[in-house]
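Take a look at the structure below.
The values are calculated or read from the model by the stated rules, or taken from the named source; none is laboratory data. Every value quoted in this text rests on a predicted model; they were computed, and no experiment measured them. Virtual Cβ from ideal backbone geometry, glycine too; neighbours counted across all protein chains shown. Side chains included, ligands, DNA and RNA excluded: accessible areas come from the protein's heavy atoms. Shrake-Rupley method; radii C 1.70, N 1.55, O 1.52, S 1.80 Å.
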Amino acid sequence: MRFRHAPSIWSTYPELASGALYATGVDARADTGPRAAAYTARAVARLAGATEGEFPEVLAWRRAFSRMGMKPTQYRCASESLLRRLRKEGALPRIHPLVDLCNALSVAYAVPVAVLDVDRIAGPLLEVRPAGGDESYVPFGGGVEHPGPGEVTFADSAGRAHARRWTHRQSGFSAVGEHTGRVLVVAEAMHEGGAQMVPELLKTLEEEVGAHWAAVTRKAVLTPAAPDFVLGD
């Protein structure tokens, strides 16, 4: 299976910095709580000096959402939503050891980090691209939605959308859970400095996965010149 951003995404959003990590051998038994708490604490310390809406990482995604024709305070990128929840509630939800770790890294770096169950994605291609309007999306609450034409989504080869409004909301269909053994993690930044930050985030994530699971990992920074990330199989 391959993961990539469509050429139209790179041309429309030249400021995009993206990286991906593929891991096999993860499960729900690891205890990532202490490490997740350490990354969350970094975000809490930063929020003590400014709200998430003032972070350059968040502002860059708000500008991207505006360019997509969306009101950025109505549809927030995932990292902004997590930071907002952390500021208001003082904690993040506990979902799954890997998801909890990635959510903590997301708030620490203030950029969206998506985590998908690879076995719930139809290959040979998962692509971030504008929707055609006929893709099917399954919300966490159930039912079926169809992203509007032009809406950026993660679309697989079966026409299933694994996100709404790019980094706003993931699909319940490919959510990581008790059954998950193979994952694709995608980090995306729009701010100045994102090209330097994304590799650091990926390296940190790979180290944490290796410390908590006997997992096999592969990672790559994605660029317009090298847009394809080939998963293990």
Computed accessible area, Val183, all protein chains, 1.4 angstrom probe, square angstrom: 0
Accessible-area ranking of Arg35, Arg129, largest first, probe 1.4 Å: Arg35, Arg129
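When the helix-only estimate is applied to the chain (DSSP H runs of n ≥ 4, each -39,500 (n - 2.57), divided by the residue count), what is the mean residue ellipticity at 222 nm, nearest 500 deg cm²/dmol? Don't skip to the end; give the middle numbers.
Working: 6 runs with 77 residues, N = 233.
For the chain, the value works out to -10500 deg cm²/dmol.
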In Å², nearest 10: area of Lys219 left accessible to a 1.4 Å probe: 90
The range 1-40 shape via C-alpha gyration tensor axes, a/c threshold 1.5: oblate
Sequence-separation-based contact order of the chain, relative, with Cα cut under 8 Å and 6+ spacing, percent: 35
Approximate spin-label separation Glu54-Val221, in nm, with each point projected 7 Å along Cα-to-Cβ: 3.0
Among 41-53, 98-110, the order from most to least packed when residues are scored by Cβ within 10 Å on average: 98-110, 41-53
Charge dipole magnitude, Cβ of K and R +1, D and E -1 - the chain, Cα centre, debye nearest 20: 520
Highest-MSF residue in the chain out of Ala23, Ala214, Ala161 [GNM, Cα springs under 10 Å]: Ala214
Placed amide H near His5: partners under 5 Å, 5+ positions off or other chain: Val128
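If you place +1 on the Cβ of every Lys and Arg and -1 on the Cβ of every Asp and Glu, how big does the dipole about the Cα centre of the range 78-206 come out, in debye to the nearest 20? Each step should come with its number before you reach the end.
Working: 13 positive and 16 negative charges, 77 e Å.
That gives a dipole near 380 debye.
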Amide H contacts under 5 Å for Leu125, placed H, 5+ residues apart: Arg2, Ser157
Top of Pro34, Pro112, Pro124 by mean-square fluctuation, Gaussian network on the chain, Cα under 10 Å: Pro34
Among Gly177, Gly132, Gly90: highest mean-square fluctuation, GNM of the chain, C-alpha pairs under 10 Å: Gly90
Tensor-based shape of the range 47-140 (alpha-carbon gyration tensor, a/c under 1.5 rounded, otherwise prolate or oblate): oblate
Probe 1.4 Å, all protein chains present, accessible-area order of Arg165, Arg87, Arg160, largest first: Arg87, Arg160, Arg165
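Please get the size of the charge dipole for the range 57-119, origin at its Cα centre, with Cβ charges of +1 on Lys and Arg and -1 on Asp and Glu, quoted in debye to the nearest 20. Don't jump to the answer; show the numbers that get you there.
Numbers: 10 positive and 6 negative charges, 102 e Å.
For the range 57-119, the charge dipole is close to 480 debye.
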Residue among Ala28, Pro124, Leu105 farthest towards the positive dipole end of the chain, charges placed on Cβ: Leu105
Estimated vicinal HN-Hα couplings, Hz - the range 82-87 in sequence order (Karplus 6.51, -1.76, 1.60; Gly, Pro = x): 5, 5, 4, 5, 4, 5
Beta bridge orientation in the chain: antiparallel %, DSSP, nearest 5: 85
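Starting from the residue with the highest accessible area, list Tyr75, Tyr13 in decreasing order, probe 1.4 Å.
Working: Tyr75 60, Tyr13 15 Å².
Result of the area sort, largest leading: Tyr75, Tyr13.
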Among Thr12, His96, Ala226 the positive-end extreme of the charge dipole of the chain (Cβ point charges): Thr12
Gyration tensor (alpha-carbon) shape descriptor, the chain, a/c threshold 1.5: rounded
Glu54 accessible area, 1.4 Å probe, all protein chains in place, Å² to nearest 10: 110
